[in-house]
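Bear in mind these aren't lab numbers, they're just calculated from the coordinates by the rules spelled out. Predicted model, so just to flag it, every value in this text is computed and none were measured. A quick note on method: Cβ atoms are made from the backbone with ideal geometry, for glycine too, and the neighbour counts reach across all protein chains shown.
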Amino acid sequence: MYDTAPAIRRIVVFTPRGPLSDAVLERLTSSARPELSAPADDAVRRSEDILADDDVQSALFLLYASAYGSVEGIDPGSEWDPDLIRLRRSLEEAFEAALRAQVAMPALPEPTPDAVARALFALVEADDSPSVARHLARRATAEQVRESLVLRSVYTLREADPHSWAIPRLTGAPKAALVEIQADEYGGGRPDRMHAELFAQALRGAGLDDGYGAYLDQIPAITLAAQNMMSMFGLNRRLLGAIVGHLAAYEMTSSIPCRMIAGGLRRLGFGDEVAEYFDEHVEADAVHEQIAAHDLAGGLAAQRPELLPDIVFGAAACLCVEGRAGAQALAAWDDDRSALRPGAGS
Amino acid sequence: MSAARIPTITPYPDGPLILRGDVQLETPDGTRIDPHRRTVAPCRCGLSSIKPFCDGTHKVTGFRTDD
């Protein structure tokens, strides 16, 4: 039997951000069964920007955390609760609609590996989002670097997991390509080389807590949205093209920025145990981006041309949302403010 | 050795080589180079800061191949 006593709620490292996330947390962590559809409808209706909505994004984050098992204190028995699945679908509908409205779609290439890879590299090259990596390399303070690690930790302490949902949904060459990338992400058989573990080591080296969700209350909605987008793409088979495109864009925007960040870390005197995660990504992602663009995204487009629009959408959505999250952090640092939300009780 | 286990080298358009399979990388004096991973990308543009491996620099220098 799982312990579903209300007391379990105390160990969840998360403070509700509104009526919806409060009800979701209650349902996931206790035997209480608060009504969900009214707070969900209200939250979506009053939201001017779903991607930056604290209550909606934190509720979605908790619902996905239930599928990953990433946050302590969530009752595993609630994973397939029909009410929670229904809620997730209704929030995903609003979230996906907002993404599709916000993401500018480029012209589609021919569904061949070469044309798709060229189009994705061109899309990434044309992205003019302000560069967090450049700021970290040249101007950031040590405190801003720590904040950037905290923001990154939402994904990187579970690095590669959202894209792994796609593995059983692929077949043939694109499946082999994704597994080739993920095997490297997961350390090639060496737990100490798992990218998530290298990041945990970086957090510890920077004097930060490496527990997943330790800083959840301080993560802005747009950063949760970036993670939720990956989870939504990964967990919905109809969005298979989008999670593949997302991974391609993510890998294609990593090696050069990681080299800049590693330089920034050393400029500020952080040790190799902090920089190693970024050093590893310079080399690893220069491999992964080729496989992801040609063999995974291009291979999937050739195999299933009907998925091409979503492959491109997933890549463009990655650039758009990561760009927004980065711009928000840079704007805060430019104003000498923290890029984090004020934590619970602070 | 089965055909499937023969190492392969694939030149990716406008990018590095991708090397798959059991190959020992060595410096000219015979010192072993740790590949760090199963699939590796030797630099093809000559400008990488982590040679012999690719670091993505070819993307900012406009390196083009003829394929």
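In peptide A:276-287, what is the residue-averaged number of other protein chain Cβ atoms found within 10 Å of each Cβ? So the per-residue partner count for this stretch is 5. Kindly provide the trypsin sites (Lys or Arg not before Pro) of the stretch A:235-338 that DSSP labels as loop, not H, G, I, E or B, and whose Cβ sees at most 13 other Cβ atoms within 10 Å. Passing both the DSSP loop test and the Cβ count: A:ARG337. Other protein chain C-beta atoms within 10 Å of residue C-beta, averaged over B:39-47: 3. Using just its DSSP H runs of length 4 or more, each adding -39500 (n - 2.57), the protein assembly as shown gives a mean residue ellipticity at 222 nm of -16500 deg cm²/dmol after division by all residues. Within the stretch A:51-102, the chymotrypsin sites (Phe, Trp or Tyr not before Pro) that combine a DSSP coil assignment with at most 12 other C-beta atoms in a 10 angstrom radius are A:TRP80.
Would you tally the net charge around A:LEU308, using a Cβ to Cβ cut-off of less than 14 Å, leaving A:LEU308 out, and scoring K and R as +1, D and E as -1? So the surrounding residues net to -2.
Between amide H atoms placed 1.01 Å from N, distances below 5 Å from B:ILE18 occur with B:THR10, B:TYR12, all of them 5 or more places distant or on a separate chain. By the count of other C-beta atoms within 10 Å, a proxy for reagent exposure, B:HIS58, B:HIS36, A:HIS246 are ordered fewest to most as B:HIS36, B:HIS58, A:HIS246. Ordered by the count of other Cβ atoms within 10 Å of each Cβ, fewest first, A:THR223, B:THR31, A:THR15 give B:THR31, A:THR15, A:THR223. Peptide A:120-127 has a mean shielding of 1, counted as Cβ atoms of other protein chains within 10 Å of each residue's Cβ.
Applying 1/(1 + (r/R0)^6) with R0 = 35 Å to the Cβ-Cβ distance of B:VAL23 and A:ALA126 gives a FRET efficiency near 0.45. If the segment from A:ALA104 to A:GLN201 were pulled out straight at 0.36 nm per residue, it would be longer than the present Cα-Cα gap by 31.2 nm.
For the stretch A:128-143, the Karplus equation 6.51 cos²θ - 1.76 cosθ + 1.60, evaluated at θ = phi - 60°, returns couplings of 10, 4, x, 9, 5, 4, 5, 4, 5, 5, 10, 10, 4, 7, 4, 5 Hz by residue, with Gly and Pro reported as x.
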